Amino acid sequence: MLVKQSLSPFTLMKRAEAVIRLGPIHYRWVSSATSSKLPRGAIESASSIAPTVVQAKYYIPRDQRSATRCIYEIDSIYDRRIKRRRRIDPTRELNYTTEHWERHKSVYRRERHMITTFGSSPFQRLLFPDLFLISLVAGGLSYYNELIAIDAASQVWLDSNGAAAGTTAIALLTGFRLNGSYGRYVEGRKLLGGVNTASRDLAANSLMWITSRNERERMLNLIKAFSVALTFHLNKKGGHYKLRRSDPHFDEQVYAEYHMEMKDVFRNERDTDFVRVCQWFRGNENVPLGITSLMRNIISRNRQDGIFNRELEGHVQTLVESLGGCERIQKTPIPSCFTRHTSRLLFVWSTLMPFAIYPACGPFFTLPSTIAISYSIMGIEDIGVQLEEPFNILPLRQYSDGVYDAIDFIASASSVDDDAG
């Protein structure tokens, strides 16, 4: 333990250091009452590390990545999306490149999409229990009307005119549901784009206007850490979708991935900011918001003209506003009463569908026709449910990596210009 020698034994007992277990490491640090009065270097020296059995499994540091060893497991069959591990997983896209757009706009896209229908996310998610139950109803109806009913009068069916009107209303309802969810998706993407832009501007301006070299480097690390913390703040798994909540060590594993990513940012496990962001994460605090406070502390100590500091503060404010917008989307779904009502109507509609189309389709085509019609409408609603939580399907991991790479490039470009001067 590193403390000032002038402190009395009683004070030392009151400020006894706490051993806080932080996932794959143990940090020993001074309590908050003491750390606020100690210099930054003292806090760094007050931390110690001990390994645990839980280690990061999915995050790969940048200096260890290669063409055959990367974070993303790509499913090249379905337009190079992230490979779905389970039937119920949604479709998670990756950032598009020129090659992606070429394939996306191909004149053969319809044929390719039809071939991959049974492996698509909406179909597999609806396969059980929705389409399974509908198939039971349609098959049971056909069996009864053909093999059990004595005559036509004893057969069971509904008027198709009423079903057609109901189908139109259901289609409009699901379309409205999809539009509402897509609006949330677009807004989430814009907010993340704002984080990306503000991070680049803040990094470039920090290199120009922050006078202390150590503070400049610290600011750049905090900008990188903000994007990592935001990813874990908006997505419990931090974009590591191979993680399973059924894992008995799920929380520890999530922290192990978080710790490895932050270690990749700060490079020093005894760095004060590294220790802080790990403590905040372990304590379920708002880590991105805490990082912006650290940024503002740097700006407040910067010995520079006020107009430059205000410009830096404006970029930090943009990060805070984007964080607040993302939290609003994350914490406020489309009114749950609307979602439940839509689900109930779809269930009733799909269950009654075989009775409405039986007179026209007969015993042999009622089952496939019911499945096709139900899939077309219920698939729209299921896509809307997926888009409602945009931070579960947007490539947050790529956005975070993009900020990291952009900051490094800005710093290297600035250093080259300084050397040339």
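Does residue 320 satisfy the criteria of being surrounded by fewer than 19 Cβ atoms within 10 Å (Cβ to Cβ) and not polar (S, T, N, Q)? Answer is yes for this residue.
Given the condition closer than 30 Å to residue 87 by Cα and without any contact (Cβ under 8 Å) to a residue 24 or more places away in the chain, answer yes or no: does some residue in region 262-279 qualify? Lay out the reasoning, then the answer.
Taking region 262-279 as the starting set, the residues that turn out to be closer than 30 Å to residue 87 by Cα are none.
No, that holds for no residue.
Give region 282-321 a look and list any residue that's at pLDDT below 95, touching a helix residue (DSSP H, G or I) at 6+ places or on another chain (Cβ under 8 Å) and more than 14 Å from residue 210 (Cα to Cα), or say none. Within region 282-321, 282 is the sole residue that qualifies. Does residue 277 satisfy the condition of being at pLDDT 95 or above, in contact with a Ser or Thr (Cβ under 8 Å, 6 or more places away or on another chain), under 20 Å from residue 54 (Cβ atoms) and not acidic (Asp, Glu)? The answer is no for residue 277.
Please state which one of 71, 49 is assigned to a loop (DSSP other than H, G, I, E, B), at pLDDT 80 or above, within 30 Å of residue 294 (Cα to Cα) and among the β-branched types (Val, Ile, Thr). I'd like the intermediate steps shown before the answer.
Numbers: 49 fails: at pLDDT 80 or above.
Answer to the selection: 71.
Here is a yes/no grid of residues against (1) in contact with an Asp or Glu (Cβ under 9 Å, 6 or more places away or on another chain); (2) on the phi < 0 side of the Ramachandran plot; (3) at pLDDT 95 or above:
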{"residue": "333", "(1), (2), (3)": "yes, yes, yes"}
{"residue": "366", "(1), (2), (3)": "no, yes, yes"}
{"residue": "369", "(1), (2), (3)": "no, yes, yes"}
{"residue": "384", "(1), (2), (3)": "no, yes, yes"}
{"residue": "416", "(1), (2), (3)": "no, yes, no"}
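Close contacts from region 53-73, counting a first residue that is closer than 11 Å to residue 257 by Cβ and surrounded by 10 or more Cβ atoms within 10 Å (Cβ to Cβ) and a second that is of a type in the set (D, E, K, R) and at pLDDT below 80, with Cβ to Cβ under 7 Å and a gap of 6+ residues or different chains, come to 60/69.
Determine whether residue 205 is of a type outside the set (D, E, K, R), assigned to a loop (DSSP other than H, G, I, E, B) and either closer than 19 Å to residue 54 by Cα or open to solvent by 10 Å² or more (accessible area, probe 1.4 Å) (or both).
Numbers: of a type outside the set (D, E, K, R): yes; assigned to a loop (DSSP other than H, G, I, E, B): no; either closer than 19 Å to residue 54 by Cα or open to solvent by 10 Å² or more (accessible area, probe 1.4 Å) (or both): yes.
Against the criterion (of a type outside the set (D, E, K, R), assigned to a loop (DSSP other than H, G, I, E, B) and either closer than 19 Å to residue 54 by Cα or open to solvent by 10 Å² or more (accessible area, probe 1.4 Å) (or both)), residue 205 does not qualify.
Being open to solvent by 40 Å² or more (accessible area, probe 1.4 Å) and hydrophobic (A, V, I, L, M, F, W, C) is the filter here; which residues of region 343-359 pass it? Residues satisfying the conditions are 345, 347, 348, 352, 355.
In region 151-178, the residues that are closer than 18 Å to residue 382 by Cα reach residues that are open to solvent by less than 60 Å² (accessible area, probe 1.4 Å) and of a type in the set (Ser, Thr, Tyr) with C-beta atoms within less than 7 angstrom, at least six apart or across chains, in these pairs: 173/342; 174/342; 177/342. The set of residues in region 173-183 being open to solvent by 20 Å² or more (accessible area, probe 1.4 Å) and either at pLDDT 95 or above or not aromatic (Phe, Trp, Tyr) (or both) consists of 173, 175, 178, 179, 180, 182, 183.
Is there a residue being closer than 26 Å to residue 232 by Cβ and assigned to a helix (DSSP H, G or I) anywhere in region 332-346? Among the residues of region 332-346, at least one is closer than 26 Å to residue 232 by Cβ and assigned to a helix (DSSP H, G or I), which makes the answer yes. Note on region 287-311: residues that are surrounded by 13 or more Cβ atoms within 10 Å (Cβ to Cβ) and not in a helix (DSSP H, G or I) amount to 2. Report whether or not residue 261 is assigned to a helix (DSSP H, G or I), open to solvent by less than 50 Å² (accessible area, probe 1.4 Å), under 13 Å from residue 397 (Cβ atoms) and not hydrophobic (A, V, I, L, M, F, W, C). The answer is yes for residue 261.
Of all residues in region 74-99, which are surrounded by fewer than 15 Cβ atoms within 10 Å (Cβ to Cβ) and free of Cβ contacts under 8 Å to residues at least 60 places away in the same chain?
Just the residues of region 74-99 that are surrounded by fewer than 15 Cβ atoms within 10 Å (Cβ to Cβ), to begin with: 74, 76-77, 85-88, 95-99.
Passing the criteria: 74, 76, 77, 86, 87, 88, 96, 97, 98, 99.
Quick one: which of 362, 314 is in a helix (DSSP H, G or I), open to solvent by less than 70 Å² (accessible area, probe 1.4 Å) and at positive phi? Step by step, each of 362, 314 is checked, and only 362 is in a helix (DSSP H, G or I), open to solvent by less than 70 Å² (accessible area, probe 1.4 Å) and at positive phi. Residue selection: residue 186 fails the criterion of being out of contact with any Asp or Glu (no Cβ under 7 Å at 6 or more places or on another chain), under 14 Å from residue 230 (Cβ atoms) and open to solvent by less than 60 Å² (accessible area, probe 1.4 Å).
The values are calculated or read from the model by the stated rules, or taken from the named source; none is laboratory data. Since the structure is predicted, the reported quantities are computational estimates derived from the model, not experimental observations. So basically every Cβ, Gly included, is an ideal-geometry build from the backbone, and we count neighbours across all protein chains shown. Ligands, DNA and RNA are stripped out before the accessible areas are found, and what is left, the full protein with its side chains, is counted by its heavy atoms. Shrake-Rupley method; radii C 1.70, N 1.55, O 1.52, S 1.80 Å.
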